[in-house]
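Undergrad: Input: one structure, supplied below.
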Number of protein chains: 2
Amino acid sequence: MYICSMYSKELLKGTLGVIILKLLEENGKMYGYEICQKVKDISDGKILIKDGSLYPTLHKLLKDGILTTEEVNIGKRVRKYYTLTPKGKSEKKMVVQELEDFMETLNKIVFTDNKTSPAL
Amino acid sequence: MYICSMYSKELLKGTLGVIILKLLEENGKMYGYEICQKVKDISDGKILIKDGSLYPTLHKLLKDGILTTEEVNIGKRVRKYYTLTPKGKSEKKMVVQELEDFMETLNKIVFTDNKTSPAL
DNA sequence: TTTGATACATCATAATTCTATGTATATTTG
DNA sequence: CAAATATACATAGAATTATGATGTATCAAA
């Protein structure tokens, strides 16, 4: 897992957690590697979450009571499935709403002509 | 200049530079304080750039040859106007395009139901 | 005259992601 | 069968970037 995201890594900041929560709510339970692949698929390879970013984030969400884990043995390997806790579900709603608001505002600033409008 | 942005500060990461470049291209020249006020106005007070964030960013863009300055005396005060260099203009196009792409992708991931689509 | 707005600056801190590195199993391909 | 690639997790240190705190100074209004 060594390839680089197409986007400046800084743009992803603050959105990684939202992405994880959204996918987990949608799919019920997922394991780390699966999340990376899913994001890669949906984004057509444009967003590539590094494992060095993903696992620390998952551990933090776990510590904060947003997620729970369940270990499943696959052959000799242990696979860790993550699920949203009830707290995680409301947290998901919050951060998705926040992101939506923010993107709307950003749209107004960056993708709109603000020169002509005399404000009000 | 002490109030806090409505949004998690992490969401702003990577976008502050884009915002500055967009506003400067649109308005020709602006000074720091003016940029803060403009962003506040356009965003209805939702994005409040702190001076501790703005000035270091402006200095960095200056150092990188993205901006030039022009000092104007207003009474006894010196006001620093910033303008895009030619390099800055192409940089602006690049980062705005990058942000647009990223937001489109993020939309696909976070605001779309990805459960049903069997992904071709 | 004193409060708040205007206007700039910088340092230390916090937050977050990335790079690099490590371990180990499973599968595919030459 | 051997080697390469994919699967799957983990963590420490580095880099980036916005913020908080602090400082200086002018100007207008109450």
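The values are calculated or read from the model by the stated rules, or taken from the named source; none is laboratory data. Bear in mind that the values here come from a model prediction, so they are computed numbers and not experimental data. Don't worry about glycine lacking a Cβ; one is built from the backbone with ideal geometry, like all the others, and counts go over all protein chains shown.
Undergrad: Which of the following residues is surrounded by 12 or more Cβ atoms within 10 Å (Cβ to Cβ) and acidic (Asp, Glu): B:51, B:113?
TA: Step by step, each of B:51, B:113 is checked, and only B:51 is surrounded by 12 or more Cβ atoms within 10 Å (Cβ to Cβ) and acidic (Asp, Glu).
Undergrad: Considering only region B:11-34, state which residues are more than 11 Å from chain A (Cβ to nearest Cβ) and either over 17 Å from residue B:97 (Cα atoms) or touching a His at 6+ places or on another chain (Cβ under 7 Å) (or both).
TA: B:29, B:30, B:31, B:32, B:33, B:34 - these are the residues of region B:11-34 that are more than 11 Å from chain A (Cβ to nearest Cβ) and either over 17 Å from residue B:97 (Cα atoms) or touching a His at 6+ places or on another chain (Cβ under 7 Å) (or both).
Undergrad: Still on this structure: Report yes if some residue within region A:74-85 is within 13 Å of chain B (Cβ to nearest Cβ), surrounded by 19 or more Cβ atoms within 10 Å (Cβ to Cβ) and either within 27 Å of residue B:98 (Cβ to Cβ) or touching a residue at least 40 places away in the same chain (Cβ under 8 Å) (or both); otherwise report no.
TA: Looking through region A:74-85, none of the residues is within 13 Å of chain B (Cβ to nearest Cβ), surrounded by 19 or more Cβ atoms within 10 Å (Cβ to Cβ) and either within 27 Å of residue B:98 (Cβ to Cβ) or touching a residue at least 40 places away in the same chain (Cβ under 8 Å) (or both).
Undergrad: When you look at residue B:61, is it surrounded by 14 or more Cβ atoms within 10 Å (Cβ to Cβ), within 8 Å of DNA strand C (Cβ to nearest atom) and of a type in the set (A, V, I, L, M), yes or no?
TA: Answer is no for this residue.
Undergrad: Among the residues of region A:75-86, is any of a type outside the set (D, E, K, R), away from DNA strand D (no atom under 16 Å from the Cβ) and in a helix (DSSP H, G or I)?
TA: Yes, region A:75-86 contains a residue that is of a type outside the set (D, E, K, R), away from DNA strand D (no atom under 16 Å from the Cβ) and in a helix (DSSP H, G or I).
Undergrad: Test residue B:65 against the criterion of being assigned to a loop (DSSP other than H, G, I, E, B) and more than 7 Å from DNA strand D (Cβ to nearest atom), and give yes or no.
TA: Spelling it out, residue B:65 is indeed assigned to a loop (DSSP other than H, G, I, E, B) and more than 7 Å from DNA strand D (Cβ to nearest atom).
Undergrad: Kindly list the number of the only condition in (1) within 15 Å of DNA strand D (Cβ to nearest atom); (2) modelled with pLDDT of 95 or more; (3) closer than 20 Å to residue A:106 by Cβ that fails for residue B:50.
TA: Against the list (1) within 15 Å of DNA strand D (Cβ to nearest atom); (2) modelled with pLDDT of 95 or more; (3) closer than 20 Å to residue A:106 by Cβ, residue B:50 comes up short only on (2).
Undergrad: Right, here's the next one. For region A:73-84, which residues satisfy the criterion of being more than 14 Å from residue A:60 (Cα to Cα) and of a type in the set (Val, Ile, Thr)?
TA: A:74, A:78
Undergrad: Could you say which residue among A:50, A:115, A:89, A:38 is within 14 Å of DNA strand C (Cβ to nearest atom) and among the basic types (Lys, Arg)?
TA: Numbers: A:115 fails: within 14 Å of DNA strand C (Cβ to nearest atom); A:89 fails: within 14 Å of DNA strand C (Cβ to nearest atom); A:38 fails: within 14 Å of DNA strand C (Cβ to nearest atom).
Criteria check complete, one pass: A:50.
Undergrad: If a residue must be outside any helix (DSSP H, G or I), over 13 Å from the mean Cα position of the chain (by Cα) and within 12 Å of DNA strand D (Cβ to nearest atom), how many such residues does region B:28-47 contain?
TA: Number satisfying all stated conditions: 1.
Undergrad: Continuing with this model, one more query. Considering only region A:87-94, I want to know if a residue exists there that is of a type in the set (D, E, K, R), in contact with an Asp or Glu (Cβ under 7 Å, 6 or more places away or on another chain) and assigned to a helix (DSSP H, G or I).
TA: Taking region A:87-94 and keeping what is of a type in the set (D, E, K, R), we get A:87, A:89, A:91-93.
The next check asks that each one be in contact with an Asp or Glu (Cβ under 7 Å, 6 or more places away or on another chain); those that pass are A:89, A:92.
From what is left, the residues that are assigned to a helix (DSSP H, G or I) are A:89, A:92.
Yes - at least one qualifying residue is present in region A:87-94.
Undergrad: Related question: Test each condition in (1) assigned to a helix (DSSP H, G or I); (2) farther than 30 Å from residue B:24 by Cα; (3) modelled with pLDDT under 95 for residue A:10 and report the one that comes out false.
TA: Single failed check for residue A:10: (2).
Undergrad: A further question follows. Looking only at region B:88-104, decide whether some residue is closer than 24 Å to residue B:27 by Cα and aromatic (Phe, Trp, Tyr).
TA: No.
Undergrad: Continuing with the same structure: Please enumerate the residues belonging to region B:38-48 that are loosely packed, with under 15 Cβ neighbours inside 10 Å and over 12 Å from residue A:114 (Cβ atoms).
TA: B:44, B:45
Per-residue answers, yes or no, for (1) of a type outside the set (Ser, Thr, Tyr); (2) touching a strand residue (DSSP E or B) at 6+ places or on another chain (Cβ under 9 Å):
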site: B:7; (1), (2): no, no
site: B:28; (1), (2): yes, yes
site: B:65; (1), (2): yes, no
site: B:69; (1), (2): no, yes
site: B:73; (1), (2): yes, yes
site: B:91; (1), (2): yes, yes
site: B:95; (1), (2): yes, no
